[in-house]
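Notes to accompany the following structure.
The values are calculated or read from the model by the stated rules, or taken from the named source; none is laboratory data. Computed from a predicted structure; not experimentally measured. Virtual Cβ from ideal backbone geometry, glycine too; neighbours counted across all protein chains shown.
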Amino acid sequence: MGLLEAHAGLAGKVAAVVGGAGGIGRGVTLALARAGVDIAACDIDAEAARTIVPEVEALGSRILSVHADAADADALDGFYDRVEAQLERLDIVVNVVGGVERALFLETTREQNARDVRLNYGYVLDSVRRAVPLIRRGAQGGSIINFTTIEAHRGAATYAVYAGAKAATTNFSRALAVELGAEGIRVNLIAPDTTPASGSNSALYPDDLQRLAELGEDALARSFEMYIPQKKAPAVEDLASAVLFLASDLSRTITGTTLHVDGGASAALGFIDWPHGDGFMPAPLGGSLKHLFSGDG
Ligand SMILES: NC(=O)c1ccc[n+]([C@@H]2O[C@H](COP(=O)([O-])OP(=O)(O)OC[C@H]3O[C@@H](n4cnc5c(N)ncnc54)[C@H](O)[C@@H]3O)[C@@H](O)[C@H]2O)c1
């Protein structure tokens, strides 16, 4: 157990992680298990839902792993039915599921819009509706952590419905924090910008992905250097550390807030660290301007 895990004092608690078997969700589940938390996880990826079991058990925690699509209300209910029947308590809920495929709004269909809203907002309502009565059974408070995104905080072209749904999740969580504050049930959000995971790839156009593959890892790292003030993308483990903090009494007076785990990208608010000596500016100047547009760069 590392320093943060030990200080978090989470041993003996139980967490439900929706989308908890793969990618960012897997990182969250393993960090909680390492801190001594028992886990209930559901995931749409059947293989991941199977392989997470021995990984958690090897860390000395128990896990109930369920293969389910969180966007399907009945399947999510089925997951919580099993949590209610099989686990004696619930202290922590992490709603990780979410995602987007880039597209201009007017090129999307009503069905795609409904799916994006369900995947990034609707299921969170259902998850919270089922989880809060289970947390209340313990009468010791609890912590709900919802994943939002930087796109909820800017006008994100080609992410319009995702951005709107995540903004809804953000403000819903703030309202819920007020409603549940007196019971000691805290509600907070984590807003990544870019963290390499399956979801960050599927958010890109196929052409972008192909170009990145052709250019290689170095080009990706250099693009991160241009817009992330800390010069590299946070890893899954960094998001998991933020979850540990928000789940634990280390953050016991923090509720209704968003933790931006993004290497400073949201602080820069669109300013780019242009190459050719321009530094952080919203538009290219000097060297970059010449390089991009003079025709002799
Ligand atoms: N990765 C990033 O750079 C990034 C950036 C901004 C916001 N986010 C947010 O962070 C969260 C996780 O991001 P991610 O998609 O990159 O992580 P991810 O791809 O690691 O997905 C997390 C887990 O959720 C599972 N999952 C996906 N859809 C599901 C469904 N319908 N039902 C059950 N399980 C499902 C996946 O199988 C995976 O195991 C999302 O809410 C996303 O919007 C991520």
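Does Asn201 satisfy the criteria of being among the polar types (S, T, N, Q), modelled with pLDDT of 95 or more and outside any loop (DSSP other than H, G, I, E, B)? For Asn201, the condition - among the polar types (S, T, N, Q), modelled with pLDDT of 95 or more and outside any loop (DSSP other than H, G, I, E, B) - is not met. If you scan segment 33-55, which residues turn out to be assigned to a helix (DSSP H, G or I) and touching a Leu at 6+ places or on another chain (Cβ under 7 Å)? Residues satisfying the conditions are Ala33, Arg34, Glu55. Cβ separations smaller than 6 Å between residues 6+ apart or across chains give the following pairs from segment 184-196 residues that are at positive phi to residues that are surrounded by fewer than 23 Cβ atoms within 10 Å (Cβ to Cβ): Gly184/Gly141.
In segment 7-22, which residue that is closer than 16 Å to Ala242 by Cα and touching an Asp or Glu at 6+ places or on another chain (Cβ under 9 Å) is nearest to the ligand (Cβ to nearest atom)? Residue satisfying both the conditions and the ranking: Gly20. Remark: Asp126 falls outside the filter, which requires a residue to be in contact (Cβ under 8 Å) with a residue 40 or more places away in the chain, crowded, with 22+ Cβ neighbours inside 10 Å and not hydroxyl-bearing (Ser, Thr, Tyr). Here is a list of conditions, (1) surrounded by fewer than 19 Cβ atoms within 10 Å (Cβ to Cβ); (2) touching a residue at least 12 places away in the same chain (Cβ under 8 Å), and Gly22 meets all of them except one; can you say which number that is? Gly22 satisfies all of (1) surrounded by fewer than 19 Cβ atoms within 10 Å (Cβ to Cβ); (2) touching a residue at least 12 places away in the same chain (Cβ under 8 Å) except (1).
Among the residues that make up segment 154-166, is at least one of them within 12 Å of Thr255 (Cβ to Cβ) and either within 10 Å of the ligand (Cβ to nearest atom) or of a type in the set (D, E, K, R) (or both)? No. Of the strands (runs of 3 or more DSSP E) contained entirely in segment 216-293, those carrying at least 2 residues that are under 30 Å from Asp91 (Cβ atoms) fall at 258-261. For segment 3-19, a residue qualifies if it is outside any helix (DSSP H, G or I), surrounded by 21 or more Cβ atoms within 10 Å (Cβ to Cβ) and at negative phi, and the qualifying residues are Leu10, Lys13, Val14, Ala15, Ala16, Val17, Val18. Look at (1) hydrophobic (A, V, I, L, M, F, W, C); (2) surrounded by fewer than 20 Cβ atoms within 10 Å (Cβ to Cβ); (3) more than 9 Å from the ligand (Cβ to nearest atom); (4) in contact (Cβ under 8 Å) with a residue 24 or more places away in the chain and you find that Ile44 fails only one, number (3). Just one of the listed residues (Asp273, Asp218, Asp207) is acidic (Asp, Glu) and surrounded by 13 or more Cβ atoms within 10 Å (Cβ to Cβ), and it is Asp273. In the set (1) within 23 Å of Ala41 (Cα to Cα); (2) surrounded by 15 or more Cβ atoms within 10 Å (Cβ to Cβ), Ser202 fails one condition alone, (2).
Inspect segment 100-109 for any residue being surrounded by fewer than 19 Cβ atoms within 10 Å (Cβ to Cβ) and within 20 Å of the chain's Cα centre (by Cα) and give the result as yes or no. Yes; the residues of segment 100-109 include at least one that is surrounded by fewer than 19 Cβ atoms within 10 Å (Cβ to Cβ) and within 20 Å of the chain's Cα centre (by Cα). Scanning segment 182-214 for residues that are more than 8 Å from the ligand (Cβ to nearest atom) and either outside the structural domain of Lys232 (by TED's automatic domain parsing) or closer than 30 Å to Ile254 by Cβ (or both) yields Ala182, Glu183, Gly184, Ile185, Arg186, Val187, Asn188, Leu189. In segment 226-237, the condition of being closer than 30 Å to Ala175 by Cβ and either buried (at least 18 other Cβ atoms within 10 Å of the Cβ) or at pLDDT 90 or above (or both) is met by at least one residue. Of all residues in segment 54-65, at least one satisfies being buried (at least 19 other Cβ atoms within 10 Å of the Cβ), under 26 Å from Asp116 (Cα atoms) and touching a helix residue (DSSP H, G or I) at 6+ places or on another chain (Cβ under 7 Å).
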